[in-house]
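Student: Structure provided below as structure tokens; questions to follow.
What follows draws every value from the coordinates through simple rules; no lab data is involved. Remember, predicted model here, so these are calculated numbers, not experimental data. Neighbour counts are summed over all protein chains in view; Cβ atoms, including those assigned to glycine, are modelled from backbone coordinates with ideal geometry.
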């Protein structure tokens, strides 16, 4: 792919993902967070700190702000697809879980069988947890594990995790506000008693329209991979989206774009994105923002663990990690090439924003670059 085409795609995606945001209307931070998460449909949050920074880098929100949006029931963390935790607008949890998790549940049957989680055991665990959570109760993970054990359900190994995850995938439970660093679980029907309940075709159309609006330009394979569905499903969903989604050809490749997408804003910001941010994880094909060699540096060993990325003008130009101490946060940047003084100043501003999100002053340390001047 030509560099000009890569930059064009990257610039449009920065705008779609609000990483290079247009002006937001005035309002409370909780409302801004809720709008941003709703716009993205679902934001990867298997690592809770990374998920919260994904929101923070787009809104200026602190971790405490995101926690407040969860406590206010505007944003919820659950398992809508791919067997992976995401942050979602609370009203989207039910329909997304019900639309997208059938394949995940089907493919997990062997795991359940290997763990001795028969239908009878799953049914007993479901009965125990639903009964305990009724009446607005929230249970932390350790308390849920203890409850299962007390009621004759063996929670050892990964069994409790598989069971609780299954019930969230079914749209029965979701995560509530954290107890310290521990997640809690609540009944969706009590946490969000009323939410949108579309039919299957309406849900598929909404899924496509909103994914394309928040991630575009994308391909049909990107859509299928993102929601862990077949290419046939993706193509049907695109057809159901109708005029809301159109096609744009870039570098000889057809991409899906939102019909009403805004013009990308001027300027190409420098951003420190978390390791599992949608900007990297939200696509099957990442060649617009990473070369194959660079992707190996972001996902060393192809083990599914994504490092934080340094993004300049939409392209990934390095990785980063952080170490938080009592007095400060140290952000260590490993660039793919030499950084100019201007880029270093911009990176230091990006690190300062991350420090504000954590409530800890941040400083940047640079490791040796890999190659030429960026």
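Student: Any chance you could check the Cα centroid distance between the range 228-266 and the range 118-190 for me, in angstrom?
Tutor: Spelled out, the Cα-based centre of one part sits 38 Å from the other.
Student: Taking Cα pairs under 8 Å and at least six residues apart, what relative contact order does the range 145-256 come out at, in percent? Write out the running numbers ahead of the final one.
Tutor: On the way: 93 pairs, mean separation 19.6, N = 112.
Relative CO of the range 145-256 lands at 18 percent.
Student: Order by neighbour count: 9, 19, fewest other Cβ atoms within 10 Å first, most last.
Tutor: Details: 9 24, 19 19.
Result, fewest neighbours first: 19, 9.
Student: Can you sort 284, 302 by how many other beta carbons sit within 10 Å, fewest first? Walk me through the numbers before you get to the answer.
Tutor: Numbers: 284 13, 302 8.
So the ranking, lowest neighbour count to highest, is 302, 284.
Student: Report the label-to-label distance for residue 366 and residue 201 in nanometres (one decimal), using points 7 Å from each Cα along the Cα→Cβ vector.
Tutor: 5.8
Student: Anyone know which of 347, 129, 339 comes out most mobile in the 10 Å Cα GNM of the chain?
Tutor: It is 339.
Student: Among 357, 39, 162, rank each residue by its count of other Cβ atoms within 10 Å, from fewest to most, as a rough exposure measure.
Tutor: Values: 357 24, 39 16, 162 19.
Going from sparsest to densest Cβ surroundings: 39, 162, 357.
Student: May I ask you to compute the full-extension gain from residue 293 to residue 106, defined as 0.36 nm times their residue separation minus their alpha-carbon distance, rounded to one decimal in nm?
Tutor: Contour length minus the Cα-Cα distance gives 63.9 nm.
Student: Moving to a separate point now. Considering only the chain, what is the antiparallel percent among its DSSP beta bridges, to the nearest 5?
Tutor: Numbers: 37 of 43 bridges.
If we restrict to bridges inside the chain, about 85 percent are antiparallel.
Student: With n ≥ 4 as the cut-off for DSSP H runs, can you work out [θ] at 222 nm for the chain, using -39500 (n - 2.57) per run divided by the number of residues, rounded to the nearest 500? Display every interim value, and only then the final one.
Tutor: On the way: 17 runs with 171 residues, N = 374.
Estimated from H runs of four or more residues: -13500 deg cm²/dmol.
Student: Select from 272, 315, 296 the residue whose mean-square fluctuation is largest in a Gaussian network model of the chain (Cα-Cα springs shorter than 10 Å).
Tutor: Comparing 272, 315, 296 in the GNM, the peak value goes to 296.
Student: Sticking with this structure for a sec: When only Cα pairs under 8 Å and 6 or more residues apart are kept, what is the percent relative contact order across the chain?
Tutor: Once normalised by length, the contact order is 19 percent.
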